[in-house]
Amino acid sequence: MKKMVIFVLLLVVIFGALIFVVQYQNSKQLDGADNPYNKTDLNQATMDQLDDPMYQNQILPDELASKLDSGEDVTVYFYSPTCIHCQRTTPELVPIAEEYGVDLVKLNLLEFENAWAEFNIESTPTMVHYEGGEETARIVGEQPQTNFENFFEQEVLAGE
């Protein structure tokens, strides 16, 4: 019985130490990386993308609302790091946006769940183009590359 108690205590200490090490590493990762989210309690899936070039150019919901209120033109990619369709779409979409010279801002719906309702997003991935603060075009779901190219040509760049 005494061996069992010692074994259980040892397991508790090991798990406690493991939890401490993981939390410490995550806090160090947040300190060392560019954290565009203005919060420290990020989901692990988001933390895994902090240094990924595909997920830079983040916009916060209040920043987006401010741009829309002031009538700015903006193209937003609404995504979730845990969405399998987003994981396949982002590596195709981001280079196309760069090729077309589109300033594609990204809004992480995993971190900002209120943005689903605020911006009328029903599923991810969703890309929305706003002109004069009003939505003018939307493309939803995983799409072939040509659909994204057409979206940029016909909806985003046509108004310039």
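The values are calculated or read from the model by the stated rules, or taken from the named source; none is laboratory data. The structure presented is a predicted model; accordingly, all values stated were derived computationally and were not measured. Calculation scope for accessible area: heavy atoms of the full protein, side chains included, ligands and nucleic acids excluded. Shrake-Rupley method; radii C 1.70, N 1.55, O 1.52, S 1.80 Å.
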message: Heavy atoms only, 1.4 Å probe, whole protein assembly: order 40, 124, 136 by accessible area, highest first.
response: 40, 136, 124
task: With the Cα gyration tensor of region 47-156 in hand, give its eigenvalues times 5 under a square root as the equivalent ellipsoid semi-axes, listed largest first in whole angstrom.
output: 19, 18, 13
- prompt: So for the chain: antiparallel DSSP bridges make up what percent, rounded to the nearest 5?
  reply: 65
- line: Check: in the chain the Lys pairs 8 or more apart or on separate chains whose Cα atoms fall under 23 Å apart number 4
